[in-house]
There are 2 protein chains.
Amino acid sequence: MRLATLRDGTADGRLILVSPDGGHYAFAPVATLQQAVEDWASAAPALRAISDFPAKLDVTQLAAPLPRAWQWLDGSAYESHGDLMQKVFSMDPVETDRPLMYQGVSDRFYGPYDDVKFPDEELGIDFEGEFGVIVDAVPMGVTPQQAMEHIRLIVQINDWSLRALAGPEMKTGFGWIQAKPPCSMAPFAITPDELGDGWRNGRVCIDLLVDWNGDRFGAANGEPMGYGFHELAAHAARTRDLAAGTVIGSGTVSNANFREVGSSCIAERRGIEIVDEGAARTPFMSFGDRVRMEGRGPGGRPPFGILEQRIVKG
Amino acid sequence: MRLATLRDGTADGRLILVSPDGGHYAFAPVATLQQAVEDWASAAPALRAISDFPAKLDVTQLAAPLPRAWQWLDGSAYESHGDLMQKVFSMDPVETDRPLMYQGVSDRFYGPYDDVKFPDEELGIDFEGEFGVIVDAVPMGVTPQQAMEHIRLIVQINDWSLRALAGPEMKTGFGWIQAKPPCSMAPFAITPDELGDGWRNGRVCIDLLVDWNGDRFGAANGEPMGYGFHELAAHAARTRDLAAGTVIGSGTVSNANFREVGSSCIAERRGIEIVDEGAARTPFMSFGDRVRMEGRGPGGRPPFGILEQRIVKG
């Protein structure tokens, strides 16, 4: 199933089920995605029973599938990304035997075609292409195997980042506030079966195509996460219950053969330049720039739809 | 005005206005505190017009005044607290010319008399007595002076912390996930005028009495914040809009004369012991322990009510 949220003037929008061909939709029997994940045992069969998609879908009318969430936890599960970011920030390797994860702002996820506002180009505006999952209520202390059963939906995310602020905030140990404004979500939240065997071991094993101002920038595959989403969810739930609708991100999709496949964020390319050429030369984004992200699923189609945005001065 | 939230079986509860004597209440004209701060210009006069408080208040039926929030940002604005915590964690001083702040979990605030569950005593269970504010919608880029006008309510918070997990998480630079499970809130969210001249320069200038298992542990005054709440709000809003209902905390209330007034968290006392005696000797909390926190307002009364909780094994 592919779920989306139509703007209707409310903060949470109106949940719809998208037709298999992606061109039509039906209203869901529950009003919002948040309500659906709060009672997935009832919502899922009711959604699966829908076979008639009477309305034509205009993707420009879509909000994020979950326009706001009670919690957003973003991992950093790709080792090659972490290695390159340490070059960018001139930091020592992070020594930990656990998943890396930060708590991000969740009161807004931009819709897939929304303009995204930032205060200043000098802040080092960057995109980060990611996959994520939405869980239902997860009790404190679950195992990764138990957490797997709570993964209800998969999403595709652009985790906007302000690089000039990121290093100084990391050095405080308090994590990021200013460096991590709200993220964007691709149009469709999908059930794992939509990926076929592209969903394996708690990982989204498909390519993420990233284009910056019309040029291919990256096509990394989601598979090589050091921890699967079920392990990230169990890590998050060690000392807390996770509210239904919690969103958990993979961190920037990155592959060890980054020189071949490219990157899902600018900072990583700058890290490669530092390694190869001694200095970064690719600038961060300018107002008016566009970035487009497309997961390439089974049959070559984009299971999450297209996430394409322009940045503007706020 | 003092606002509180009665449990009614819903996640957000039912907003009430508490009588001046604290013993009675009236239902608010809007259902929830979240709705009130989303339209404060309408809600505040309607609340102020209430003069009849027909029902007797049973504080044990109260949820947190805001039982869940779209955002919880906690500062660390007391210099003496920061200094002592560096002793506890054997860390270098944090060098920054900006407020320290982390993004915390906001999907639940425990009510004032709820038992609070943790997985394991070995995690170093600690309380942190704080003050906080609730803002209405704050646009990105406001000045501290502009942010002051968005502070609608003041609250008193216990920011539960798991110290054994805090140091390792800080060292990653990603901030805290496991070390900072949900917080608790005292019964009443109050408008700043309730504090009289105890509300000065964006600071809650009253004592916070903290008792652990019936013994006075601290009575620090809220005044010496290095940054006022208006400055914390402007810091948070530098690169994002703040959703109405965002809660911003002061960090652990702490005074430079901590040997006289005591502390608002155990870790700080352990820091003093490290300085004075070379090693910490006060243990963290055990299951069954109780902590009680009372702000001492004008006339000696507790403007936020009493926050008193027991910790239990989850």
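The values are calculated or read from the model by the stated rules, or taken from the named source; none is laboratory data. This is a predicted model, so every value here is computed, not measured. Cβ: placed from backbone, ideal geometry, glycine included. Neighbour counts: every protein chain shown. The protein model used for the area step is the full one, side chains on, heavy atoms only, and it has no ligands, DNA or RNA in it. Shrake-Rupley method; radii C 1.70, N 1.55, O 1.52, S 1.80 Å.
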*Listed residues A:A189, A:A256, A:A236; which is over 30 Å from B:T96 (Cβ atoms) and surrounded by 19 or more Cβ atoms within 10 Å (Cβ to Cβ)?*
A:A189
*asked:* Can you tell me how many residues within region B:208-220 are surrounded by 18 or more Cβ atoms within 10 Å (Cβ to Cβ) and out of contact with any helix residue (DSSP H, G or I) (no Cβ under 8 Å at 6 or more places or on another chain)?
replied: 3
*Scan region A:127-138 for residues that are within 12 Å of chain B (Cβ to nearest Cβ) and not in a strand (DSSP E or B) and jot them down.*
A:A137
*Does region B:239-248 include one or more residues that are open to solvent by less than 20 Å² (accessible area, probe 1.4 Å), in the same structural domain as B:S286 (by TED's automatic domain parsing) and within 27 Å of B:F89 (Cβ to Cβ)?*
yes
*Please specify each residue of region A:114-163 satisfying the condition of being more than 15 Å from the chain's Cα centre (by Cα) and either under 14 Å from A:A64 (Cα atoms) or of a type in the set (S, T, N, Q) (or both).*
A:D114, A:D115, A:V116, A:T143, A:Q145, A:Q146
_Only one of B:E294, B:E223, B:E231 is surrounded by fewer than 24 Cβ atoms within 10 Å (Cβ to Cβ) and within 14 Å of chain A (Cβ to nearest Cβ). Can you tell me which?_
B:E231
_Hits in region B:40-72 (condition: in contact with a Lys or Arg (Cβ under 9 Å, 6 or more places away or on another chain) and either basic (K, R) or part of a strand (DSSP E or B) (or both))_ = B:L62, B:A63, B:R68
*Does B:V37 satisfy the criteria of being open to solvent by less than 40 Å² (accessible area, probe 1.4 Å), modelled with pLDDT under 95 and in a helix (DSSP H, G or I)?*
no
*Those residues of region B:55-70 which are in contact (Cβ under 8 Å) with a residue 60 or more places away in the chain, in contact with a Gly (Cβ under 8 Å, 6 or more places away or on another chain) and crowded, with 22+ Cβ neighbours inside 10 Å, in sequence order*: B:L62, B:A64, B:L66, B:P67, B:A69, B:W70
*Identify the residue in region A:85-126 that is among the basic types (K, R) and within 27 Å of B:K171 (Cα to Cα) and, among all such residues, is farthest from the other protein chains (Cβ to nearest Cβ).*
A:K87
*asked:* Can you say whether A:G175 is on the phi > 0 side of the Ramachandran plot, open to solvent by less than 10 Å² (accessible area, probe 1.4 Å) and outside any strand (DSSP E or B), as far as the supplied structure shows?
replied: yes
_Out of A:S161, A:S184, I need the residue that is closer than 14 Å to A:W72 by Cα, within 14 Å of chain B (Cβ to nearest Cβ) and among the polar types (S, T, N, Q). Which one?_
A:S184
*Which of the following residues is in contact with a helix residue (DSSP H, G or I) (Cβ under 9 Å, 6 or more places away or on another chain) and assigned to a loop (DSSP other than H, G, I, E, B): B:G167, B:G141?*
B:G141
*asked:* Looking at the structure I just gave you, is B:G278 touching a residue at least 12 places away in the same chain (Cβ under 8 Å), of a type in the set (G, A, S) and open to solvent by 10 Å² or more (accessible area, probe 1.4 Å)?
replied: no
*Could you give me the residue pairs with C-beta distances under 7 Å whose first residue belongs to region B:112-131 and is farther than 25 Å from B:F229 by Cβ, whose second residue is in a helix (DSSP H, G or I) and among the polar types (S, T, N, Q) wherever it lies, and which are 6+ apart or on separate chains?*
B:Y113/B:T60
*When region A:73-126 is examined, which residues are found to be open to solvent by less than 10 Å² (accessible area, probe 1.4 Å), in contact with a helix residue (DSSP H, G or I) (Cβ under 6 Å, 6 or more places away or on another chain) and part of a loop (DSSP other than H, G, I, E, B)?*
A:G124
